[in-house]
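First comes the structure, then the notes that go with it.
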Amino acid sequence: MSDLRELYQEVILGHSKSPRNFGKLEGATHTGVGFNPLCGDKIHLQIRVRDGVIEALRFEGSGCAISTASASLMTEALQGKTVAEAEALFKKFHEMVTTPMGQPIDDAALNKLTVFSGVREFPVRVKCATLAWHTLHNAVSETSETAKTE
Amino acid sequence: MTQPFDLARLRQDFPMLAQTMRGKPLIYLDNAASTQKPQVVIERLTKFYRSEYANIHRGVYELSQNATQAYESVREKVKNFLHASSEREIVFVRGTTEAINLVAQSYGRSKLKVGDEILITAMEHHSNIVPWQLLCEQIGAVLRVAPMNQNGELLLDEFEKKLSPKTKFVSIVHVSNALGSINPVKKLIALAHARGIPVLVDGAQAVSHLPVDVQDLDCDFYAFSAHKLFGPSGVGVLYGRTELLNPMPPYQGGGDMILSVTFEKTLFHEIPHKFEAGTPDIAGVIAFGAALDYLATLDGPALQKHEAELLEYATKQLDAIPQLRWIGTAKEKTSVLSFVLDGVHPHDIGTVLDTEGIAIRAGHHCAQPVMDFFGINATTRASLAFYNTREEIDRLTAGLHKVVEIFG
C-alpha cells in the first residue's frame, strides 16, 4: 500500500483528473505526437517557442493517470523555460524515474516533478511517466532538423 | 485414472501458485496469456536435460533413440488429445502463431491466387490476421472479415453472406482471447465445407477450457500452443488433415525434413516431418507430453463445471461495481472477464492490483480491431483456469473496489 501511495500521490491524482494546459494551442511552432503501443495511449503536444523560449505548451490525448499527470505537470514546469533547459530537465526527470529504489535521486531543479519518483518501484510504468517528455523531445528536435533542410 | 475434484489438492500440483508477488500470495488471473505448469511438467523437463538428453532422429546410439521415441510418443498423445485419426497429422511448431503462418505460407501460397478471398472474423487475435495480410500482399488475395454484435458474438448470417464463390480459405478463432466468446465452429465449418472451402481453427484459447475433437468438428487445420495448456512455452501444434498436408510444400527448409539432398535435387520427408525443419524444442515437446498425461488424470467435466461456476460467481461479484462495463458478454463464453472501469485506465487498474499480488492483463490483448470495434484503447482482463478459487475472485473484487476508491 505504501508503494501505491508513493506512486499515486495526491498531486498525480489531481492532475490526472483535471489536467492543466489541456486542449489546442494557438500559433504553435512545434508539434509532437507520442504513442505507447503497449496500452494505446496517445498524446498530441503543441508548443509555441519564441527566441528559444517556450512561451506556451498544451496537450491533448488519452492515457492513464501517470501519463496524463506527467503531461500536465510537464506543461506547467516548462512554461517560460528555454528549449535547452527543457531538454536538461527531461534528462534529470528520466534519471529520477529510472534510478533503482534505495539509491539517492538528484531532485534539485525537479521541484514538483519529484512526485513521480514512486514510478521507480514500477518499471513497467516508466514509459507512462516519460511519454510526454519523449514527445516534447521529438517535437523540438524535429523542428531543428526541418530547420537544417531549409 | 481420474481423481475426484479436490481444488486445494490440485493447486499443490502447481508450485507457482504458492509463490508471492509484492509480498502477497500470488493470485494468477492471466491464464489466457499463459498458464502455470504442474510439477510433473517441470520435472520432466529437467529430468530429460539431466539424464536423457540427446538430439533426435539421426543418432544410432541408444540415448538418441530413446529421445526420439520419447519425442515421437508425444505425437500420439496429441493425436489422442485432439481425436485426430493419425499421428502423421500432428506437426510440432513453436506455437499457434507459427502454425497459422505455416498454413498461410505453405497452403495459402501454393493454392490461392490473385483475387481469391480469405475469410476471418472480427474477433481474431493479431496472429490470425497478420499472417493472412502478409499472404494477401504476396499473392494479391483479399482479406474479408465476418462481423460480430455488441455482445461479441459472431453474426452467423453475415458470416454465411461473406462466403462468396471467391472465398478460398476460412480461418476462424475457436474462443476469443479478448472476449472469451466461443464460436460455433462446427456450424461455421459445415457452412464453409458446403462450398468446398477449407477451414483453419485457431484453438489457442479453446484447448484449456473445452474438449476438442477435430474429426467431430471436421476442421481441416487446428492450431494451439502448449504453454496455454499447462505445458512449456516454445511448443505448439498444427493439426492438418492428411489429404491437405500431403501435397503442401515445406514451410522451411533444412535438416530433418528431407529424405535426401544433392545440389541438384532434394527429396522431402513425408508428413509431418516435412514441416519440422531443424532441431525442434525436444525437451519442450517431451515435457508437453507430461502435461497431457497430467490432464488425462483430471476429471475434465468436473473442471469445466468448476470453471463455469467460478465465471458465474466472478461475473456476479464484479457486476456489483457500478463503474464497471463488460467487454464481451457472449452467451457462450469461457472464463474470460474483460471490462473497463469508467474514468480509470486499465494500466492504473493493473498497477493497483499488482500491489495486491493479483496478476491480470491490461491492454489491447493483441486484438486491436476488437478494441476499435468497442471504441476503446484497452481493457482489463482477468482470465481464469481450473486452479483458480472463489477466494481469489473475492480478492480481485476487493482490489477493484480499492481502485474505484483511489481513482473514483
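The values are calculated or read from the model by the stated rules, or taken from the named source; none is laboratory data. Since this is a predicted model, take the numbers as computed values, not measurements. Cβ placement follows ideal geometry from the backbone for every residue including glycine, while neighbour counts extend to all protein chains displayed.
So which of B:A32, B:A54, B:A18 is modelled with pLDDT of 95 or more, crowded, with 16+ Cβ neighbours inside 10 Å and within 30 Å of B:L310 (Cα to Cα)?
Testing whether each residue is modelled with pLDDT of 95 or more, crowded, with 16+ Cβ neighbours inside 10 Å and within 30 Å of B:L310 (Cα to Cα) leaves just B:A32.
Taking the conditions exactly as written (away from chain B (no Cβ under 14 Å), surrounded by 14 or more Cβ atoms within 10 Å (Cβ to Cβ) and in a helix (DSSP H, G or I)), does A:E76 satisfy them or not?
Against the criterion (away from chain B (no Cβ under 14 Å), surrounded by 14 or more Cβ atoms within 10 Å (Cβ to Cβ) and in a helix (DSSP H, G or I)), A:E76 qualifies.
Specify the residue that is farthest from the other protein chains (Cβ to nearest Cβ); the eligible residues are those in region A:7-35 that are touching a helix residue (DSSP H, G or I) at 6+ places or on another chain (Cβ under 8 Å), more than 14 Å from A:S70 (Cβ to Cβ) and surrounded by 18 or more Cβ atoms within 10 Å (Cβ to Cβ).
Per the stated criteria, the residue is A:H30.
What strands (runs of 3 or more DSSP E), lying completely within region B:174-274, carry at least 3 residues that are among the aliphatic types (A, V, I, L, M)?
B:199-202, B:258-261
Does region B:348-369 hold any residues that are buried (at least 22 other Cβ atoms within 10 Å of the Cβ) and more than 12 Å from every other protein chain (Cβ to nearest Cβ), and which are they?
The answer is B:I358, B:I360.
Does B:A382 satisfy the criteria of being aliphatic (A, V, I, L, M) and surrounded by fewer than 22 Cβ atoms within 10 Å (Cβ to Cβ)? Lay out the reasoning, then the answer.
Values: aliphatic (A, V, I, L, M): yes; surrounded by fewer than 22 Cβ atoms within 10 Å (Cβ to Cβ): no.
No.
Do we have any residue at all in region B:84-94 that's assigned to a helix (DSSP H, G or I), in contact with a helix residue (DSSP H, G or I) (Cβ under 8 Å, 6 or more places away or on another chain) and farther than 21 Å from B:V170 by Cβ?
Checking region B:84-94: at least one residue is assigned to a helix (DSSP H, G or I), in contact with a helix residue (DSSP H, G or I) (Cβ under 8 Å, 6 or more places away or on another chain) and farther than 21 Å from B:V170 by Cβ.
Residue by residue, here is whether (1) among the charged types (D, E, K, R); (2) in contact with a Gly (Cβ under 8 Å, 6 or more places away or on another chain); (3) closer than 30 Å to B:E391 by Cα holds:
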residue	(1), (2), (3)
B:F48	no, no, no
B:R58	yes, no, no
B:K113	yes, yes, no
B:H125	no, no, no
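For region B:266-278, check the following and say yes or no: at least one residue is within 14 Å of another protein chain (Cβ to nearest Cβ) and either β-branched (V, I, T) or under 30 Å from A:S67 (Cα atoms) (or both).
As a first pass, look at region B:266-278 and keep what is within 14 Å of another protein chain (Cβ to nearest Cβ): none.
For region B:266-278, residues within 14 Å of another protein chain (Cβ to nearest Cβ) and either β-branched (V, I, T) or under 30 Å from A:S67 (Cα atoms) (or both): absent.
Filter region A:36-61 down to the residues that are within 14 Å of chain B (Cβ to nearest Cβ) and out of contact with any helix residue (DSSP H, G or I) (no Cβ under 8 Å at 6 or more places or on another chain), then identify the one that is farthest from B:C366 (Cα to Cα).
Of the residues in region A:36-61, the ones within 14 Å of chain B (Cβ to nearest Cβ) are A:36-43, A:61.
Filter once more, keeping what is out of contact with any helix residue (DSSP H, G or I) (no Cβ under 8 Å at 6 or more places or on another chain): A:37, A:42.
On the way: A:P37: 10, A:K42: 17 Å.
In this case the residue turns out to be A:K42.
Taking B:Y49, is it in contact (Cβ under 8 Å) with a residue 60 or more places away in the chain and either exposed (fewer than 14 other Cβ atoms within 10 Å of the Cβ) or in contact with a Lys or Arg (Cβ under 6 Å, 6 or more places away or on another chain) (or both)?
yes
Going through B:A18, B:A54 one at a time, which residue ends up being in the same structural domain as B:T389 (by TED's automatic domain parsing) and among the aliphatic types (A, V, I, L, M)?
B:A18
Check region B:368-382 and report whether any residue there is of a type in the set (D, E) and either at pLDDT 95 or above or within 25 Å of the chain's Cα centre (by Cα) (or both).
yes
Taking region B:208-226, which residues are crowded, with 24+ Cβ neighbours inside 10 Å and either assigned by TED's automatic domain parsing to the domain that holds B:Y387 or of a type outside the set (S, T, Y) (or both)?
Matches in region B:208-226: B:H209, B:C219, B:D220, B:F221, B:A223, B:F224, B:A226.
Which of (1) closer than 24 Å to B:K161 by Cα; (2) assigned to a helix (DSSP H, G or I); (3) in contact with a strand residue (DSSP E or B) (Cβ under 8 Å, 6 or more places away or on another chain) does B:L102 not meet, given it meets every other one?
Checking B:L102 against (1) closer than 24 Å to B:K161 by Cα; (2) assigned to a helix (DSSP H, G or I); (3) in contact with a strand residue (DSSP E or B) (Cβ under 8 Å, 6 or more places away or on another chain), the one that fails is (1).
Looking at region B:385-394, which of its residues are crowded, with 19+ Cβ neighbours inside 10 Å and assigned to a helix (DSSP H, G or I)?
Residues satisfying the conditions are B:E392, B:I393.
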